[in-house]
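To start, the structure under review is shown below, and the notes come after it.
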Amino acid sequence: MDLAATLAPEPVARRSIHLLYVPTLCCNLDCAYCYLGEQTTQAALKVDAGRAVATLRYALDALREAGVLAFNVSLHGGEVTTLPEVVLDELFTLIRSHYLENFDAINALGHRKSSPHIKTNLYKFAPFYDLFDKHKVSISASIDLPLSMHARYRTTRGGRDWLARTHENIRLLARYPHAKKISATLCSEHLNDIPAIIDDIRFIHDELCFDMNQFNIMFAFASEMNRAHKGDAALSPATPAQQMALYAALKGAFIGTELEDGLRRNWFDEFKPSYCTNAVNCGERFYLLQSDGSVYSCVRGQGLEEFHYGNIFTDRIDDILANGARKIERIHQAHGFDDNCQRCDHLGLCHTGCPVVKHQNASGHSYTCTLQKAIYADNPRSFPAASPDEQREDIRQYRLNMHPNLAFAQPAVAPPASIRLPSDLAEDKNTLQAMIGVDPVLQALYSDTAFVLEVRDELVPLSSQLLKDRATWYTLVPGDRLVLHTRRSLFDANCPEFLRNTLYLQLLRDTSVVYGDEQRAKQEHVFTYQRFASCLQASNRLGADYLMLDLAGLIELHREHYRRGVRNNLFFTTLSLREYHYQKQKNNAFYHIQAINLPFQNFEFNYLP
C-alpha cells in the first residue's frame, strides 16, 4: 500500500452522523418482546446476503460525496450472524477501511474508532469467533435476565431453550481479547424476580468469568409490531415503579463491591445524556440503513412509516437527512411540550426523551423519567440541576428548536430600531398575539390546524409564516402526492353562506420584484387559484371535519415557472378570511404594522423536474 496515499488528508466533511447498518432483518431467535414484529421472519436472507456489502459501500460513497462523515458504523439486526462468513468478512473489511481512510477526521471529533462493532444474540458466536478476532470486532451481546427468563422468552425459531449454549458462549466471550459488553432488555415480567437478576449478575461475573462491569440495562417499550406479531403473548413494559425498584435493589446489592464501578458508570448508561435518547433532535444525527437502501431513525423505529426517512438509492442524501430531522420534530410536536418537562431542572439533559417511545406510548415525556431523575440526584456533579435562569433558557431553546409554534409566546428582545414607532405599539393589548386572542375570525385565519398538507406519505400541519421562527423547505418532484386538507369550519369564518366562499391559494416565487407605492422588494407572484368550497371533496384521511383538494396537478401545471435553486412559497386561506385580513389592516394600524407581509399559512418548496 502506498503510504503517502494512505496518509493523504481526507476531504473535510460538513457534518457527521452515527450510522447503524442492518445488513439483514433475518433473526434465528423468536424473542417475546421483539419490537421488529414479523419483519425478522419475513426477511429474505439470501437476498440480503447478496446485496449487504454493495449497499453499505454505496451508502458510504454517497455520504462522502454529500460531505457527510459516518463517524460510527455499527452492525445491527435482525441478527448479523445469520449472514454467511464471507459476507461478514467483507463487511468488516469495508468498515475498517472506512475508519482508516477517515482516521484524522473521526479522531478530531473525539471518537476512537478503528474496529467494527456488532450487536449479536450470541447464538452463533462460537463459529464466528476467529473471524471476529481477526477484525478485532467489538461485541455487544444481548441476553435476558434472570437467565431463567432467557430460557423462556429468548427461544429459537422452533421454540427451543438454548440456555446451556448461552452459558458456553458467555464463557467464550469472557476470553475474547477485544472490546465486549453484555446488555439485557427487561420487561415487567423480568422484574417480577429482581433477586434472581442480582443472583445471575453475580453468577455470570463469578462463575462464567465475564466482567459484569461491562453491562448495560435496557427496558422494553410498548411496540405496535410486537403486539401485532405476538398478540396475548407479548410482554409488558416495566412500570416506573419497577424500574425504580430494580435501581434501588442493584444499589443495595453492589455498592461497595467490585461491580460498583459498572453500576455507577455503565449499567444505566442508556438513560444518561451521552445516549441518543437525550438528543434534542436525534433525526439530525442518528440513522439506520437497511440492505434494501431504506433509512430509518434507529433500531427502535425500524419498520415504522413515521420514522422512515427515505431510500439512498432513490433519494438525495441531503433530502434524507432533512426528512429525518423534520419527522422527529413532528413526532415531538405531536405529543406537545409536557408540563412536567417545562418545570424540570434537567430538561437540558433529557430533552423529553426518545421520540420513538413517545410515539409508541402516546406520551409527551420520557418513559424512564422517574429513573433518570434518581440517577441525576445520585450524581449531582455529573448531572447538575439547572439554575432558574438556566432552566428558563433551556425551555426557550427547546421551544425554538422543537416547538417553534410555542416560541412566539416567549418575550423577544426588540432589535434596535432605525425608525420611530408609536410608543403604545409595545403594549400587550396591541401585539399580534393579543389581537388574535380576542378576535375569533383572526383565530381562524391564523389557526395551525386549519390546513394540513399531505406531502407524499407525511401529514404536515401548516402555520402562518408570521408566527414561525424558522422555515422548513421541501423538495418536490413530478409524481409526488400533494393533497391539501382544509378544516370544513374554516369556510364559515367571516362568511354567512358556505356556498359563496372559496379556497384561496397564492403561489409566490423567491425572485424579487419591486412595485407599489412603497416600492418594496417582494416575492414574485406566479399564480392565484380559487376553488369553491362546495367543489371540494370530503377528506379520506382526516375525517368528516376536513375537506380535501389534490394539488399535484396544479403544481405540475406551472412547472415551467419554477427555477432551480429558487424556493416557491404557496399560501393558503379562504376568500372571506383574505378579505377580513385586508379590512383589518385598514381598521387597525397596529395589526397593519405587524401583518404587513402575508400572514396566511404557507408551504415552501423547491421543485425538481
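Coordinate-derived values only; no laboratory data. None of these values were measured; they are calculated from a predicted model. Neighbour counts are summed over all protein chains in view; Cβ atoms, including those assigned to glycine, are modelled from backbone coordinates with ideal geometry.
Farthest toward the positive end of the dipole of the chain, out of A70, V513, Q443, is the Cα of V513, where the dipole comes from beta carbon charges about the Cα centre. Rounded to the nearest Å, what's the spacing between the alpha carbon centres of region 341-403 and region 163-181? Just the number, please. So the two Cα centres are separated by 37 Å.
Can you give me the angle between helix 194-206 and the longest principal axis of the chain, using Cα atoms only, in degrees from 0 to 90, rounded to the nearest 10? Rounded to the nearest ten degrees, it is 60. Distance between the modelled labels on Q519 and S114, one decimal in nanometres: 6.8 nm (7 Å Cα→Cβ projection). Ordering H150, T166, S114 by the projection of their Cα atoms onto the charge dipole of region 104-173, which places +1 on the Cβ of Lys and Arg and -1 on the Cβ of Asp and Glu, puts H150 at the extreme positive end. Taking a cut-off of 14 Å between Cα atoms, list the aspartates and glutamates near K113, but don't count ones fewer than 8 places away on the same chain. K113 reaches E101, D104. Rounded to the nearest 20 debye, the dipole size of region 276-414 about its Cα centre is 140 debye, using +1 on the Cβ of Lys and Arg and -1 on the Cβ of Asp and Glu. Straight-distance candidates among the aspartates and glutamates for linking to K584, with alpha-carbon spacing under 17 Å and chain neighbours fewer than 8 residues away dropped: D439. Counting only Cβ charges, +1 for Lys and Arg and -1 for Asp and Glu, the dipole size of the chain around its Cα centre is about 540 debye.
Length gain on complete extension for the stretch R160 to L557, per 0.36 nm per residue less the alpha carbon to alpha carbon distance? Don't skip to the answer; put the middle values down first.
Details: separation 397, 0.36 × 397 = 142.92 nm, distance 6.09 nm.
Residue separation times 0.36 nm, minus the Cα-Cα distance, leaves 136.8 nm.
Listed here are the pairs K119/K358; K522/K586; K124/K358; which of them are more than 32 Å apart at the Cα? Pairs exceeding the cut-off: K124/K358.
Normalised by the number of residues in region 301-414, what is the relative contact order in percent for Cα pairs under 8 Å and 6+ residues apart?
On the way: 89 pairs, mean separation 26.9, N = 114.
Answer for region 301-414 is 24 percent.
Given a cut-off of under 8 Å on Cα pairs at least six residues apart, what relative contact order in percent is computed for the chain? It rounds to 10 percent for the chain. Each part reduced to its alpha carbon centroid, region 95-138 and region 432-486 end up 46 Å apart. Explain nothing, just the number: relative contact order of region 473-609, from Cα pairs under 8 Å at least 6 residues apart, as a whole percent. It comes to 35 percent, rounded to a whole number. Annotation: the antiparallel percentage among DSSP beta bridges lying fully within the chain is about 60.
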